[in-house]
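**Q** Supplied in structure tokens, the structure appears directly below.
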Amino acid sequence: MADKSKSEETQEVTENNYQNSGSRHFPIVGIGASAGGLEALEQFLANVPPDSGMAFVIVQHLDPTHKGVMPELLRRVTTMKVLQVADNMKVLPDHVYIIPPNRDMSLLHGTLFLMEPAEPRGLRLPIDYFFRSLAEDQQDRSIGVILSGMGTDGTIGLRAIKEKAGIAFVQEPVSAKFDGMPRSAINAGLADIVAAAEELPEKIITYLHHAPKVHMQKPIIEVKSISSLAKIFVLLREHTGHDFSFYKKSSVYRRIERRMAIHRIDSINTYMRYLRENPAELDLLFHELLIGVTGFFRDPLAWEYIIDHVIPMLIKEKPTESTFRAWVAGCSTGEEAYSLAIAFREAMDKLNHNRNYTLQIFATDLDRDAIEKARQGLFLSNISGDVSSERLNRFFSREKGGYRIKKEIRETIIFASQNLIMDPPFTNLDILSCRNLLIYLEPELQKKIIPLFFYSLKPGGILFLGSSETIGGHSAIFSTIDNKFRLYKRKETYLLPEMIEFPINIFPRPLYSVEQNVPVIKKEVNLQALAEELILRQYSPPAVLTTDKGDILYLNGSTGKFIEPPAGKANWNIFVMAREGLRYELTRLFQKAVREKDTMTAGNLQVKTDAGVHPTDCTVQYIKEPKALEGMLLIVFPEAKAPPEIDMPVISGSEYGSDTGRIAELERELQRNYEELQTTREEMQTSQEELKSANEEMQSTNEELQSTNEELTTSREEMQSMNEELQTVNAELQGRVEEFSRTNNDMKNLLNSTEIATVFVDENMSIRRFTIPATRIINLIPGDEGRPVTDIASDLIYPDLVTDATEVLETLVFSEKEIQTRNNKWFRVRIMPYRTLENIIDGLVITFIDITSVKNKEIELIAARKLAEGIIATIREPLLVLDSSMKIVRANRFFYQMFHVSNEETEGKSLYSVGKGQWNIPELRRFLEKVLPEKRSFDDYIVRNTFPEIGERVMKLNARQIFSEDLSPELILLAIEDVTNNRDEAGNES
């Protein structure tokens, strides 16, 4: 486990303080940016107050292989905390969170989570992914911002935010460096406010100031607001022709409040007046109320189930060469309809049969603009987040604006504008899809639309609803295929005409009748149906059709002797309505019939009515055929059969005769009690066995929970121990980090204090680091790190720098040269391999030592030496330069000529060994080695000696010690003059 960074520790402390303060709700602003986004983000954040109370989550398109540096860049323009998101990071106000590279990000209960991207590089849509998560988590408090960027990423995410009644802010395309993303959101009609990046923060703050402060599932609407709301409905109906009074008041009110916040209006009555004065706002509100909850293959598992099970089931019941008819109600921009067409085609391919089926889909919506977009069949490129690459390649063609649906799919769909409530429905359908439309309608209207869907479907047709919708209490006309996927099948039953109302009217009917003015259309008389109805009414026994729960569906005959409505709230359950004497036996027969799926009968039940006791039989039949009534129960009440007469012996006495009937009645009652007791015993035994089994399961579960508890206790101890170890390791690492920081500072100061120009380069001669003195030789600035050193101008006259550096990398032998600059300075350039602590060569170290002063002295010395050599060579007397050990350092040519010796046998030799030892004169040696060091010089010292080549000669010697300012060895200059022919001097020899 990695140690926490300092920023993460600060995040934890701030989070704890924030939680302790008791605050919870604060705005979370999602910001999407791409190309050119850095400039837009800087402009945006620079205008956000540091105490705005908002949190900002930034999602960008980042190189997955490059380390993110966005936090460091944005810290320069804002005083808010800027953090790179770590997994499971709690969002706090007045913080800026930035997505790290190569990650998708989602939000759950105010916490950010990171995930591996599901799509390969180049196909990812991280902004859409996060905005969808933001919409689900924050609902109507979600805020989305789109800034500069290429492509269309963020548009689908903004649609999800708008579906939850959130708000969308978009940068003005003119001010964006790249206008692709902003323009896509605006063209899709999703932008609530469009402004420059630096103006958006103030727009958001103003919106939040006027937005509702309390967010509830069902906001409380005041009486005055209800009146104004009704007036707004009237204005909308006059302007658009559509009535929104049947929409859920809470949903409508939230969207109106959002429009009010955008215009900084605090009163709905004021907003109503604003609508009257601004017809354009009526259009905007109309489209706001019609935001389509749509997308390709929403709930993918449900679509897989349709492809694998539902469509094959329908095909089995279809004759060859027939047409499938489908209706997509509330299709919005067409994604749902196209998804159904694609699903049908894929299901047909999987079945791989030779039957010729065609598909006809009717797709309708109230929004004409949405229908027009659906007809075009052109969708943004970011649908790749919902549509697989296989489907894109097969059913779509790539165009400049995105993806266009192919002709083979487009021809199967007819798009039309339709009002589901007022316009005629489509009929004889195999599939009806109406997803996420009913949830916006009042419950009374939902109850009337479901029978309308029943009327539109064929028997066995499929109804596909949204994930938050159900058929409600219409289980008598629809059976459930899969409740999780909201798939229902139309039963083969019938509905009474009064149950289907068209056009649908959700308002209560007037108390007075106006039907007398409506002409009555006489229907054709069906004699057979009337005769059958008369026979059933007069000769068939009373019967009741119920569900398996006892709810009454249909009554036949006069059932008033057996059931009666109870007092109070109406309840159409047979067990509640059964009369005394029938209730107990009916309950027993009903339960047994349901349990055994068979017919149960009881005879001679004494039912108490207002007219007295009425004997009857009772039959409860579990229905298996026809399929339309399968699972229901039919309860029949035939007349009770008279008990068989028993011949009894004639016994005198009236008392016995009166007791005989009583005894028979008691025996029958005893027999019934015995049967009831036996049934009760069986049920109790079954219940005991079930309870015993449940008890054993509970005991087993309890043992498992105990074992799990022990394991958790052990794990907790291990985690505590591990936590202590991690704290220790963390402290050590923290110390190492501090030590490294100090060492790094020491090294930096050391390098700069040596005044040695040093440049560190990698294997490609790109600059890693340099010291300050290096900037005086090579024109370096901090931004040059990472650039090749050869691309930077310098004063060095060193064309072989790259060649020498390459050779050092290959041979690992350092190179050292003296290099001159254009301004006549000299440097000793040394190139050495850069070795890491692991002894790995990882570049080069180039040092530049200033040797200008040394070089100048060397030049002066060379010049002086040449001058001395010139003087010595010019003098016509023999001259010798000796060192302190009397070795000849230099001799002029007159010395060689006079004493007939060569350069090879002179320079570097001892004076006493030159010319066969002709200078090995004891007095001269003593004088040079003893007298000269004491006196530093001597003049006119006469030496007489016989020289092998020139004979006896008298020489006058003059000697001087030569001193230098540096510490170089001392030299002796010895001048020799031949005075043999000068008698005065020769006679004065010492």
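Derivation of every value follows stated rules applied to the coordinates shown; laboratory data play no part. As the structure is a computational prediction, the values presented were derived from the model and not from experiment. Every residue, glycine as well, gets a Cβ built from its backbone with ideal geometry; the counts of neighbours run over all protein chains shown.
**Q** Based on the Cβ-Cβ distance of E675 and K350, what FRET efficiency does E = 1/(1 + (r/R0)^6) give at R0 = 60 Å, to the nearest 0.05? Working shown, then result.
**A** Details: r = 56 Å, r/R0 = 0.93.
My answer for the efficiency is 0.60.
**Q** Moving on. Gap in Å between the Cα centre of segment 769-797 and the Cα centre of segment 880-929?
**A** Measuring centre to centre over Cα atoms gives 56 Å.
**Q** Which of S540, S433, S175 has the fewest other C-beta atoms within 10 Å, and how do the rest follow up to the most? If you can, show how the numbers build up before the last one.
**A** Working: S540 12, S433 24, S175 19.
Going from least to most buried by this count: S540, S175, S433.
**Q** Next question. So if R0 is 41 Å, what FRET efficiency would N839 and M115 give, r being the distance between their Cβ atoms, rounded to the nearest 0.05?
**A** On the way: r = 40 Å, r/R0 = 0.98.
According to the calculation, E is roughly 0.55.
**Q** Considering only the other residues whose Cβ falls under 11 Å of the Cβ of I841, what net charge follows from Lys and Arg at +1 and Asp and Glu at -1?
**A** Details: positive: R835; negative: D762, E763, E810, E838, D842.
It works out to a net charge of -4.
**Q** Restricting to Cα pairs below 8 Å that are 6+ residues apart, what does the relative contact order work out to for segment 242-381? Please round to a whole percent.
**A** Numbers: 119 pairs, mean separation 33.7, N = 140.
Rounded, it is 24 percent for segment 242-381.
**Q** Show me the ranking of peptides 942-948, 699-705 by mean Cβ neighbours inside 10 Å, starting with the highest. Present the calculation step by step, with values, prior to reporting the outcome.
**A** Details: 942-948: 14.1, 699-705: 10.0.
Top to bottom by mean Cβ count within 10 Å: 942-948, 699-705.
**Q** Determine, for each peptide in 577-587, 683-693, 89-99, 329-339, the mean count of other beta carbons within 10 angstrom over its residues, then list the peptides with the highest first. Walk me through the intermediate numbers first.
**A** Details: 577-587: 18.5, 683-693: 10.7, 89-99: 20.6, 329-339: 26.0.
In decreasing order of mean packing, 577-587, 683-693, 89-99, 329-339 become 329-339, 89-99, 577-587, 683-693.
**Q** Consider a paramagnetic label point 7 Å from the Cα of Q621 along Cα→Cβ; state which residues of segment 541-558 have an amide N under 13 Å from it.
**A** 541-546
**Q** Past 25 Å, Cα to Cα, is the threshold; run K458/K549; K164/K249; K447/K549; K592/K692; K318/K447; K316/K491 against it and keep the listed order.
**A** Beyond 25 Å between Cα atoms: K458/K549; K318/K447.
**Q** Would you mind ranking K400, K592 by Cβ crowding within 10 Å, fewest neighbours first? Walk me through the numbers before you get to the answer.
**A** Working: K400 6, K592 16.
Ranking K400, K592 by Cβ neighbours within 10 Å, fewest first, gives K400, K592.
**Q** Further question on the same structure: Please compute the net charge surrounding K597, taking Lys and Arg as +1 and Asp and Glu as -1 over other residues with Cβ under 11 Å from its Cβ. Before the final figure, lay out each step's value.
**A** Values: positive: K592, R595, K624; negative: D548, E596, D598, E630.
Taking every Cβ under 11 Å from that of K597, the sum is -1.
**Q** Right, here's the next one. For segment 752-850, what relative contact order do you get, as a whole percent, if you take Cα pairs closer than 8 Å and at least 6 residues apart? Mind showing how you got there, number by number?
**A** Values: 191 pairs, mean separation 27.7, N = 99.
Relative contact order comes out at 28 percent.
**Q** For T206 and I781 in one chain, what is 0.36 nm times their gap in residues minus the Cα-Cα distance, to one decimal in nm? Let's see the in-between values first.
**A** Numbers: separation 575, 0.36 × 575 = 207.00 nm, distance 4.46 nm.
Working it through step by step, the gained length comes to 202.5 nm.
**Q** Quick one: length gained pulling E690 to R768 fully straight, 0.36 nm per residue minus the C-alpha distance? Don't skip to the end; give the middle numbers.
**A** Numbers: separation 78, 0.36 × 78 = 28.08 nm, distance 7.81 nm.
Roughly 20.3 nm would be gained on extension.
**Q** Another one. Could you rank the peptides 918-928, 376-386 by their average count of other C-beta atoms within 10 Å per residue, with the highest value first? List each step's numbers first, then the result.
**A** Details: 918-928: 16.1, 376-386: 19.5.
Put in order of decreasing packing, that is 376-386, 918-928.
**Q** So if I average 1/r over every pair of distinct C-alpha atoms in segment 555-636 and take the inverse, what Kirkwood radius in Å does that give?
**A** Numbers: mean 1/r = 0.0741 Å⁻¹.
Evaluated over segment 555-636, this radius sits at 13.5 Å.
**Q** I've got another one for you. Please work out the Cα center distance from segment 365-393 to segment 300-354, rounded to the nearest Å.
**A** Each part reduced to its Cα centre gives a spacing of 18 Å.
**Q** Measure off 7 Å from each Cα along the Cα-to-Cβ vector at A640 and V576, then give the distance between these two points in nanometres to one decimal.
**A** 2.8 nm
**Q** Starting from the Cα of L378, move 7 Å in the Cα-to-Cβ direction to define the label point; list residues of segment 160-200 whose amide nitrogen is under 17 Å from there.
**A** Hits in segment 160-200 for L378 at 17 Å: 180-181, 183-189.
**Q** Ok, one more. Taking 0.36 nm per residue of separation and subtracting the Cα-Cα distance, what length does fully extending A230 through S468 add? Kindly include the intermediate steps, with their values, before the conclusion.
**A** Details: separation 238, 0.36 × 238 = 85.68 nm, distance 2.72 nm.
Extra length from A230 to S468 when fully extended: 83.0 nm.
**Q** Using the Karplus curve 6.51 cos²θ - 1.76 cosθ + 1.60 with θ = phi - 60°, what ³J(HN,Hα) values do you get for each residue of segment 130-141, in whole Hz, with x for Gly and Pro?
**A** Coupling constants for segment 130-141: 6, 4, 4, 5, 4, 5, 5, 7, 9, 6, 6, 8 Hz.
**Q** Can you give me the distance in nm between label points at E172 and Q961, each placed 7 Å from the Cα along the Cα-to-Cβ direction?
**A** It works out to 9.2 nm between the two label points.
**Q** Please give, to one decimal in nm, the separation of the simple spin-label points placed at D551 and E738, each 7 Å out from Cα toward the Cβ.
**A** Rounded to a tenth, the inter-label distance reads 7.2 nm.
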